[in-house]
Amino acid sequence: MDNTHLSIDQAETRGFIHRDYIAHCLRWSHVAKFMGEKSRYKTADLLDIGCGRDLPLLRLLYSSKMIPDTGSYTGIDINKLEAPFNLGRYPHELVGQTDVCEWNDNGSTFAVITCFEVLEHVEPEHSFRILQRIASLLEDDGRAFFSTPCYDASVGAAGNHVNEMSFDGLHALIDAAGLEVVQVNGTFASIRDYQGQLEKDGHGPLFNRLRDYYDTNYLATIFAPLYPHLSRNAIWRVRKPQGIVGNKHELGKTIPALADAAGASHSSSDKWTDFINQLLEKQHG
């Protein structure tokens with residue numbers, strides 16, 4: 001397990017905000033937008049897995065005056081946690097130095113769960129347990145959001161990412177964990193990866209106009225939502241499959257997808273293929 005912590009200070013080391021942190025900010029604001037719709041923030045219990053020492057999502061919700069009436073915020077992280085600012089009457093719980101898979105939740109469930117930039121920092125078996133844990137903690141009509149890099153074997157993974165997963169590989173794992181994808185957006189993308197498709201879709205003139213002003217660092221985040229499968233990083237919105245109550249889930253339909261994703265090219269971890277094959281054996285058994 002890697003406990004890398006990305007702060008705004010790290011993001012500014014070269015004198016500008018790197019696209020990694022811009023993408024972080026957009027993930028947080030995406031969730032804040034969701035919480036604001038139908039005033040969900042008033043009643044929703046939110047679990048923020050890998051919340052970070054700076055508690056950026058909580059900070060955004062608090063500064064946006066999204067103060068729950070009956071809802072709450074719970075942040076959990078393997079780093080030591082303490083509130084870095086005065087939260088006033090905001091109902092919250094911070095669980096530091098704890099793996100969510102080992103956390104005693106006391107039977108709690110959550111309407112909203114976030115898990116941003118966590119899965120790539122743990123080995124495949126651990127990432128699957130996190131997804132299963134999310135499924136067990138999510139309310140039947142709740143939504144979970146998580147983001148992680150989209151692994152490309154020809155590009156390689158970041159040095160501190162033990163388990164970057166391909167778009168298709170992660171999708172298969174999501175299904176196997178008992179979750180259903182509702183929506184997926186790219187968070188940042190390299191221009192060379194999507195420019196051909198963008199031209200085919202007729203967005204070339206708009207892209208070129210924006211390119212006249214924005215540098216590639218910022219531009220990487222603008223068109224990525226349109227092409228999640230071509231992006232370097234994606235954000236997934238998931239739920240329990242419709243018609244499934246509690247934790248009942250039939251895994252048989254996911255076997256073909258898992259078999260297709262068994263190849264090592266679907267993860268930067270050398271443990272990926274063995275793990276998927278073990279999962280397939282369990283499902284066949």
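What follows draws every value from the coordinates through simple rules; no lab data is involved. Keep in mind it's a predicted model, so treat the numbers as computed, not measured. Neighbour counts run over all protein chains shown; Cβ positions are idealised from the backbone, glycine included.
Taking amide hydrogens as modeled 1.01 Å from N in the peptide plane, which residues meet the under 5 Å criterion relative to G142, leaving out close sequence neighbours?
Close amide H contacts, sequence-distant or interchain: K240.
Rank these for me by crowding, W236, W103, going from fewest to most other beta carbons within 10 Å.
W103, W236
Could you work out the equivalent-ellipsoid semi-axes for the range 168-219, taking the square root of 5 times each eigenvalue of the Cα gyration tensor, largest first, in whole Å?
Sorted largest first and rounded, they come to 31, 12, 9 Å.
What FRET efficiency comes out for S72 versus E102 if R0 is 22 angstrom and r is the Cβ-Cβ distance? Round to the nearest 0.05.
Approximately 0.55, to the nearest 0.05.
Say each of Q183 and F85 gets a label point 7 Å from the Cα, pointing the same way as Cα to Cβ; how far apart are those two points in nm?
It is 2.5 nm.
Please give, to one decimal in nm, the separation of the simple spin-label points placed at L206 and D270, each 7 Å out from Cα toward the Cβ.
Here the modelled spin labels are 4.5 nm apart.
Compute the projected area of the convex hull of the Cα atoms of the chain, averaged over all viewing directions, and report it in nm² to one decimal place.
In nm², the orientation-averaged hull projection of the chain is 16.1.
If you take all C-alpha pairs in the range 20-70, what percent of them are over 16 Å apart?
36
What nm distance separates the two modelled labels at S136 and S29, each placed 7 Å from Cα along Cα→Cβ?
With each label placed 7 Å out from Cα toward Cβ, I get 3.7 nm.
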